[in-house]
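Comments concern the structure below.
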Amino acid sequence: MEFRHLGNTGLAVSRLCFGALTIGPLQANLPLQTGAAVIRTALAAGVNFIDTAELYETYPYIRAACCDFPGVVIASKSYAYTYDGMRRSVENACRAIGRDYIDIFLLHEQSSRLTLAGHSDALAFLADAKRRGLVRAAGVSTHSVDVVRAAAGMPAVDVIHPLFNLRGLGIADGTAADMAAAVAAAAAAGKGVYTMKALGG
(Lines give C-alpha, C1' and ligand atoms only; values in the text may rest on other atoms or scores of the structure.)
Protein backbone atom coordinates (compact mmCIF):
# COMPACT_ATOMS: atom_id res chain seq x y z
CA MET A 1 0.00 0.00 0.00
CA GLU A 2 1.28 3.45 -0.91
CA PHE A 3 1.50 6.00 1.92
CA ARG A 4 1.54 9.78 1.68
CA HIS A 5 1.97 12.62 4.15
CA LEU A 6 -1.23 14.56 4.72
CA GLY A 7 -0.06 18.13 4.17
CA ASN A 8 1.86 19.58 7.08
CA THR A 9 0.07 17.46 9.70
CA GLY A 10 2.89 14.94 10.14
CA LEU A 11 0.38 12.13 9.52
CA ALA A 12 1.34 9.44 7.00
CA VAL A 13 -1.79 7.83 5.55
CA SER A 14 -2.53 5.13 3.01
CA ARG A 15 -3.56 6.35 -0.41
CA LEU A 16 -6.94 4.68 0.16
CA CYS A 17 -9.07 5.64 3.16
CA PHE A 18 -11.86 3.43 4.53
CA GLY A 19 -15.10 5.41 4.61
CA ALA A 20 -17.09 4.05 7.54
CA LEU A 21 -20.47 5.53 6.60
CA THR A 22 -21.36 2.53 4.43
CA ILE A 23 -21.25 -0.11 7.17
CA GLY A 24 -23.31 1.73 9.78
CA PRO A 25 -26.98 2.41 10.59
CA LEU A 26 -27.42 5.03 7.84
CA GLN A 27 -26.54 2.57 5.07
CA ALA A 28 -25.83 -1.20 5.30
CA ASN A 29 -26.53 -1.32 9.08
CA LEU A 30 -24.24 -4.33 9.49
CA PRO A 31 -24.10 -6.18 12.81
CA LEU A 32 -21.22 -4.91 14.93
CA GLN A 33 -18.87 -7.83 14.44
CA THR A 34 -19.62 -8.07 10.71
CA GLY A 35 -18.90 -4.39 10.19
CA ALA A 36 -15.75 -4.59 12.29
CA ALA A 37 -14.60 -7.54 10.18
CA VAL A 38 -15.01 -5.43 7.03
CA ILE A 39 -12.78 -2.75 8.54
CA ARG A 40 -10.23 -5.32 9.67
CA THR A 41 -10.07 -6.69 6.11
CA ALA A 42 -9.13 -3.22 4.87
CA LEU A 43 -6.56 -2.76 7.63
CA ALA A 44 -5.03 -6.16 6.93
CA ALA A 45 -4.67 -5.12 3.27
CA GLY A 46 -2.59 -2.10 4.31
CA VAL A 47 -5.16 0.68 4.75
CA ASN A 48 -4.26 2.71 7.85
CA PHE A 49 -6.80 5.53 7.50
CA ILE A 50 -10.50 5.52 8.51
CA ASP A 51 -12.97 8.34 7.92
CA THR A 52 -16.11 8.54 10.04
CA ALA A 53 -18.39 11.14 11.64
CA GLU A 54 -20.48 11.53 14.75
CA LEU A 55 -23.60 11.32 12.57
CA TYR A 56 -22.60 7.93 11.11
CA GLU A 57 -22.80 6.10 14.48
CA THR A 58 -19.87 3.87 13.50
CA TYR A 59 -17.54 4.48 16.43
CA PRO A 60 -18.29 1.03 17.97
CA TYR A 61 -17.29 -0.71 14.71
CA ILE A 62 -14.00 1.21 14.62
CA ARG A 63 -13.26 0.45 18.27
CA ALA A 64 -13.85 -3.26 17.72
CA ALA A 65 -11.79 -3.34 14.51
CA CYS A 66 -8.75 -1.36 15.59
CA CYS A 67 -7.87 -3.20 18.79
CA ASP A 68 -5.41 -5.40 16.87
CA PHE A 69 -4.14 -2.63 14.58
CA PRO A 70 -2.26 0.10 16.46
CA GLY A 71 -1.42 3.31 14.68
CA VAL A 72 -4.57 3.62 12.58
CA VAL A 73 -5.27 7.24 11.63
CA ILE A 74 -8.89 8.18 12.39
CA ALA A 75 -10.70 11.21 11.01
CA SER A 76 -14.09 12.22 12.38
CA LYS A 77 -16.51 15.08 11.83
CA SER A 78 -19.23 16.93 13.71
CA TYR A 79 -21.98 19.41 12.84
CA ALA A 80 -21.40 21.15 16.19
CA TYR A 81 -21.15 24.92 15.81
CA THR A 82 -20.47 26.02 19.40
CA TYR A 83 -17.34 25.66 21.49
CA ASP A 84 -19.02 23.39 24.05
CA GLY A 85 -20.85 21.43 21.38
CA MET A 86 -17.59 20.58 19.62
CA ARG A 87 -15.97 19.76 22.95
CA ARG A 88 -18.72 17.23 23.61
CA SER A 89 -18.31 15.80 20.09
CA VAL A 90 -14.57 15.29 20.47
CA GLU A 91 -14.88 13.85 23.97
CA ASN A 92 -17.63 11.49 22.79
CA ALA A 93 -15.46 10.30 19.89
CA CYS A 94 -12.51 9.61 22.17
CA ARG A 95 -14.67 7.76 24.66
CA ALA A 96 -16.57 5.72 22.06
CA ILE A 97 -13.49 4.73 20.04
CA GLY A 98 -11.42 4.11 23.17
CA ARG A 99 -8.63 6.61 22.50
CA ASP A 100 -7.09 9.58 24.26
CA TYR A 101 -7.18 11.62 21.03
CA ILE A 102 -8.62 11.68 17.51
CA ASP A 103 -6.09 12.22 14.73
CA ILE A 104 -8.22 14.51 12.57
CA PHE A 105 -11.42 16.29 13.55
CA LEU A 106 -13.44 18.25 11.00
CA LEU A 107 -16.35 20.64 10.79
CA HIS A 108 -18.87 18.48 8.93
CA GLU A 109 -20.19 19.48 5.48
CA GLN A 110 -19.49 23.20 5.37
CA SER A 111 -21.59 24.65 2.54
CA SER A 112 -20.33 28.24 2.27
CA ARG A 113 -18.06 30.88 3.72
CA LEU A 114 -21.04 31.88 5.85
CA THR A 115 -21.28 28.47 7.48
CA LEU A 116 -17.52 28.53 8.07
CA ALA A 117 -17.94 31.85 9.86
CA GLY A 118 -20.91 30.48 11.80
CA HIS A 119 -18.79 27.56 13.03
CA SER A 120 -15.88 29.72 14.20
CA ASP A 121 -16.46 28.86 17.87
CA ALA A 122 -16.35 25.13 17.08
CA LEU A 123 -13.13 25.63 15.13
CA ALA A 124 -11.74 27.58 18.09
CA PHE A 125 -12.35 24.55 20.30
CA LEU A 126 -10.50 22.33 17.80
CA ALA A 127 -7.54 24.72 17.93
CA ASP A 128 -7.56 24.48 21.72
CA ALA A 129 -7.97 20.70 21.50
CA LYS A 130 -4.83 20.51 19.36
CA ARG A 131 -2.87 22.37 22.03
CA ARG A 132 -4.23 19.96 24.65
CA GLY A 133 -3.50 16.86 22.55
CA LEU A 134 -7.13 15.83 22.08
CA VAL A 135 -6.82 16.13 18.29
CA ARG A 136 -3.74 16.18 16.09
CA ALA A 137 -5.24 18.12 13.17
CA ALA A 138 -8.39 20.19 12.57
CA GLY A 139 -10.27 21.05 9.43
CA VAL A 140 -13.41 21.01 7.32
CA SER A 141 -15.35 18.74 5.01
CA THR A 142 -17.28 20.23 2.11
CA HIS A 143 -18.92 19.79 -1.29
CA SER A 144 -18.07 23.40 -2.18
CA VAL A 145 -15.19 24.75 -4.26
CA ASP A 146 -15.49 28.11 -2.52
CA VAL A 147 -15.17 26.54 0.92
CA VAL A 148 -11.98 24.78 -0.17
CA ARG A 149 -10.61 28.13 -1.35
CA ALA A 150 -11.62 29.85 1.88
CA ALA A 151 -10.30 27.09 4.15
CA ALA A 152 -6.96 27.10 2.32
CA GLY A 153 -6.33 30.55 3.75
CA MET A 154 -7.37 29.76 7.34
CA PRO A 155 -4.48 29.13 9.77
CA ALA A 156 -6.72 27.02 12.05
CA VAL A 157 -7.45 24.56 9.23
CA ASP A 158 -4.91 21.75 8.76
CA VAL A 159 -6.98 19.36 6.65
CA ILE A 160 -9.66 19.80 3.98
CA HIS A 161 -11.95 16.93 2.94
CA PRO A 162 -13.71 17.96 -0.30
CA LEU A 163 -15.97 16.08 -2.66
CA PHE A 164 -14.07 15.37 -5.88
CA ASN A 165 -14.56 13.03 -8.81
CA LEU A 166 -13.68 13.22 -12.49
CA ARG A 167 -17.21 14.05 -13.62
CA GLY A 168 -17.81 16.66 -10.94
CA LEU A 169 -20.89 14.86 -9.61
CA GLY A 170 -22.16 16.45 -6.40
CA ILE A 171 -19.87 19.49 -6.43
CA ALA A 172 -22.13 22.28 -5.23
CA ASP A 173 -20.70 25.31 -6.96
CA GLY A 174 -18.40 24.41 -9.82
CA THR A 175 -16.87 21.82 -12.09
CA ALA A 176 -14.35 19.06 -11.54
CA ALA A 177 -11.71 21.38 -13.00
CA ASP A 178 -12.69 24.11 -10.51
CA MET A 179 -12.37 21.69 -7.60
CA ALA A 180 -9.05 20.34 -8.90
CA ALA A 181 -7.66 23.87 -9.00
CA ALA A 182 -8.93 24.65 -5.49
CA VAL A 183 -7.46 21.39 -4.14
CA ALA A 184 -4.11 22.11 -5.78
CA ALA A 185 -4.05 25.59 -4.22
CA ALA A 186 -4.92 24.16 -0.80
CA ALA A 187 -2.16 21.56 -1.07
CA ALA A 188 0.31 24.24 -2.14
CA ALA A 189 -0.66 26.16 1.02
CA GLY A 190 0.37 23.14 3.10
CA LYS A 191 -3.12 21.84 3.82
CA GLY A 192 -3.70 18.12 3.97
CA VAL A 193 -6.36 17.08 1.46
CA TYR A 194 -8.25 13.80 1.19
CA THR A 195 -11.23 13.57 -1.10
CA MET A 196 -14.64 11.93 -0.85
CA LYS A 197 -16.96 10.26 -3.34
CA ALA A 198 -14.18 9.59 -5.83
CA LEU A 199 -16.54 7.34 -7.84
CA GLY A 200 -19.36 9.90 -7.72
CA GLY A 201 -21.43 8.03 -5.11
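The values are calculated or read from the model by the stated rules, or taken from the named source; none is laboratory data. No experiment lies behind these values; they were computed from the predicted model shown. A quick note on method: Cβ atoms are made from the backbone with ideal geometry, for glycine too, and the neighbour counts reach across all protein chains shown. Side chains included, ligands, DNA and RNA excluded: accessible areas come from the protein's heavy atoms. Shrake-Rupley method; radii C 1.70, N 1.55, O 1.52, S 1.80 Å.
Descriptive notes on the structure:
- Restricting the range 147-163 to residues that are over 14 Å from the mean Cα position of the chain (by Cα) and not aliphatic (A, V, I, L, M), the residue that is surrounded by the fewest Cβ atoms within 10 Å (Cβ to Cβ): Pro155
- For the range 167-185, the criterion of being hydrophobic (A, V, I, L, M, F, W, C), modelled with pLDDT of 95 or more, within 26 Å of Ala12 (Cβ to Cβ) and not in a helix (DSSP H, G or I) is satisfied by no residue at all.
- Qualifying residue in the range 188-196 (condition: in contact with a Phe, Trp or Tyr (Cβ under 6 Å, 6 or more places away or on another chain), open to solvent by less than 30 Å² (accessible area, probe 1.4 Å) and at pLDDT 95 or above): no
Residue by residue, here is whether (1) within 24 Å of Leu107 (Cα to Cα); (2) touching a His at 6+ places or on another chain (Cβ under 9 Å); (3) in contact (Cβ under 8 Å) with a residue 12 or more places away in the chain holds:
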residue: Leu11; (1), (2), (3): yes, yes, yes
residue: Arg15; (1), (2), (3): yes, no, yes
residue: Gly19; (1), (2), (3): yes, no, yes
residue: Leu43; (1), (2), (3): no, no, yes
residue: Val47; (1), (2), (3): yes, no, yes
residue: Ala64; (1), (2), (3): no, no, yes
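- Of all positions in the range 106-114, none carries a residue that is modelled with pLDDT under 95, of a type outside the set (Phe, Trp, Tyr), within 23 Å of Gly24 (Cα to Cα) and touching a helix residue (DSSP H, G or I) at 6+ places or on another chain (Cβ under 9 Å).
- Just one of the listed residues (Gly118, Gly46) is at pLDDT 95 or above, among the small types (Gly, Ala, Ser) and farther than 25 Å from Gly200 by Cα, and it is Gly118.
- The criterion of being out of contact with any His (no Cβ under 6 Å at 6 or more places or on another chain) and closer than 16 Å to Val73 by Cβ does not hold for Thr142.
- Applying the criterion of being in contact (Cβ under 8 Å) with a residue 12 or more places away in the chain and more than 28 Å from Leu169 (Cβ to Cβ) to the residues of the range 131-146, the residue that is farthest from the chain's Cα centre (by Cα) is Gly133.
- Arg4 satisfies every condition listed in (1) touching a strand residue (DSSP E or B) at 6+ places or on another chain (Cβ under 8 Å); (2) crowded, with 18+ Cβ neighbours inside 10 Å; (3) within 22 Å of Arg136 (Cα to Cα) except (2).
- Scan of the range 73-130 for residues that are in contact (Cβ under 8 Å) with a residue 60 or more places away in the chain and closer than 20 Å to Asp146 by Cα, ordered by number: Lys77, Ser111
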